[in-house]
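Data block below; observations after.
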Amino acid sequence: MNLKKYLTLTRAGMIEALQFRLSFVIIAVGNVLYLIVVYFLWKSIYASAGTDIVNGMTFSDTLIYLVLATALFNFMEMYTVWEIGRNIQSGKIVLDLLKPIEYRKYLFWSYSGSFVMQFFLTFLPTFLIVAAVTHGTIPLGINLLYFIVSVILAVSINYSIDYIVGTICLYTESIWGINIMKQVIVLLLSGATVPIAFFPEGLKQFVLHLPFQSIYNAPLTILLAKDPAPESVLRTLGTQLFWSLVMMIISKLFWKVSLRRITVNGG
Amino acid sequence: MKKKNLRFYIRIYFKILAQDLKSKMSYRADFIISTIGMILTNVSGFIGFWILFRNFPSINGWSYHEMLFLYGFSLVALTPVQCFFDNNWNLRGNVYSGDFIKYCFRPINLFFYYQSEVFDIKGLGQLAFGLGTLIYAWIKLGLAVTPLMLLKTLVFLLTASLIMIAMQNAAAAACFWIENSFYVLDLAMRFKEYAKYPVTIFSPVFRFIFTFIFPIAFIAYYPSLVILRPDEVPVLSWLSPVIGIVFFYVSYKIWMRGATRYSGTGS
C-alpha cells in the first residue's frame, strides 16, 4: 500500500484544522462546562445514594467514564454523514468518485488530519485534567496500551457506522434527520450518556450484544479496569475486532450496491 | 412610510409560514425522517433520565417527580426557540455565502423577516412530549389546578423561552463577527441539556456562574420553583420575567447590530 498519498491527505487536514483555531478554544470551553456539570451532578447523585460504590463504579470511575466518553466523542466525530450527504446534494461526489482512490478511504484520510489535531488539542488535555483531578484512579500501566488499541478499533467501528448511515443519504435526501437518529442511538446505546453498568439487567444484556458498546464502553472499561484479567481484555478487544470487521464489510457492500442507483443533479 | 403595526406583522407571518410549509412538503421523506429523529432524541433523553433515577431515588433533595417536572418544563420552554427561531442555524451559511443580503432589502423588520422564514414543525413533537411529562409530574406531585397556577405556569414558561431564545440569538449573531461560529451556537444549544438539573447541585461559585454568566439556571430551575416550591421562592425567580425580557431585547440588539454591519460578499 502506498501510504504516502494517505499521509498527504492527513497533512492537508491538519493544516485545514489549524485554520480554525478559535473553534478549539470554544470546544474546550464547552468541554470544561460539561465537565463541571457532570462533576456536580454525579457528586450529588452519589451523595444522595449514601454508598461509595454504585453498580461497581465509584464516583471517580463514573466521572472519568463520562468525561472521557465525551472527549472520545469529540475526537471521533468526523461529520461523515454530513459530508457524504452534502456532497450528494451538491453533486461534488462525482468528482470524488473519479479520484484514483476508494471514496471510503479518501473520506477517512482527509479527516485523519483533524483526528491528529483533535487528539492533541482536546482529548489529551481532557485526559490529563481528569487523571489529575481524580488522582490516580486511572491505573497507569499496560492498560494504556490496551486502551490505545481499543480506541483504534472504536474509531474503525464508528467510521463504518457513519459510513453506512451516510450511504442511507443516497436514498433519502435527509441529512439532519438521519444524522440525529444515528447520534442519539449511538450515544445512548454505547453508554456515553449513562454508563452501561447502570442499565437495568435486561437492557444491559441487549446492549452488550450490539456493536455500539464497542465504541465507548469497551475502551473506557479497559482503561478503568484495576487488575484486568488477560482473557477479559482479550474478549473485549476480540469483540471489537469482530464488530470492526463486520461493520466494515457491511459498509463496503452497502456502498457498492447503493452506488449503482446514485442520481446526481449537476455538479 | 407608515409605521407597521402588529396586525400587519401577524398577517405577513402567516403568509410567509404558508410558503415555508409548502416548500417543506415537497421534501416529504426528509420531513418524516426529521420528525422521527426529533422524537427519538426526546425518547432517548427520557430513557437516560429514567435509567439514572432507577438507581437513585432522589438527587439533592429533589424527588423523581420533581425532577420530571423540571425536565418537562424545560422541554416545553424550549419549544418556541425550536419552532420559531430555527432559521438562526442557517444564519452562518447565509452570511458566508452572501445570501443574507436579500433580507436587508425588505421594507419590514429584518430580524422578524429572517426568523419568520422558517417554522420548524418538529418542535411540536417536542411540545407534546414535554407537555405529557409536565402533566404527568403535575398529577403525581398533587399540585393544585387553579387559574392562578396555570397563569403562573404560562408566564414562567414564556420567561424561560425568552431566555433560551436570547441565548440562541446572541450565539447565532456571533457569525457576523467570527468565522466558523458554528461551535458558538452549538455550545449555546448544549446549555439546554444542562437546564434540566436543579442549580442547587452546584457549589456556590458555579451556582453564581450558571446564574449570571451562563444563565442556564433561568431556563427551567428558577421559573419552575414558583410552581414547584411556592413556599421558598427566591427573588431571582420573581425577577426572571424581567430578566427574560431584558435578555431578549439585548440579544435582538446584538443581532440587529451585526446584521446592519453586514456588507454582503459582492455576489
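Here, each number is a calculation from the coordinates, and none is a lab measurement. Computed from a prediction, not measured in an experiment: that's the story for all the values here. Neighbour counts are summed over all protein chains in view; Cβ atoms, including those assigned to glycine, are modelled from backbone coordinates with ideal geometry.
Read phi for every residue in segment B:155-165 and hand back ³J(HN,Hα) as whole Hz from Karplus 6.51 cos²θ - 1.76 cosθ + 1.60, θ = phi - 60°, with x for Gly and Pro.
4, 7, 5, 4, 4, 4, 4, 4, 5, 5, 4
Taking amide H positions as placed in the peptide plane 1.01 Å from N, state which residues far from residue A:91 in sequence (5 or more) or on other chains have amide H under 5 Å from it.
none
What angle, in degrees between 0 and 90 and rounded to the nearest 10, separates the Cα long axis of helix B:64-77 from the longest principal axis of the Cα atoms of chain B?
With both axes taken from Cα atoms, the answer is about 10 degrees.
What percent does the relative contact order of chain B come to when contacts are Cα pairs within less than 8 Å and at least six residues apart?
25
Taking the Kirkwood radius as the inverse of the mean 1/r across Cα pairs, report the Rg/Rh of segment B:110-267.
1.01
What is the spin-label model distance, in nm, from residue B:90 to residue B:46 if the labels are put 7 Å beyond Cα along the C-beta direction?
My value for the distance between the label points is 3.0 nm.
How large is the direction-averaged shadow of the alpha-carbon convex hull of segment A:3-259, in nm²?
14.8
Hey, could you grab the Kirkwood Rh for chain B? Inverse mean 1/r over distinct alpha carbon pairs, Å, one decimal.
19.9
At 25 °C and 0.890 mPa s, what whole-number value in µm²/s does Stokes-Einstein give for the translational diffusion of the protein assembly as shown, with Rh from the Kirkwood sum over Cα pairs?
98
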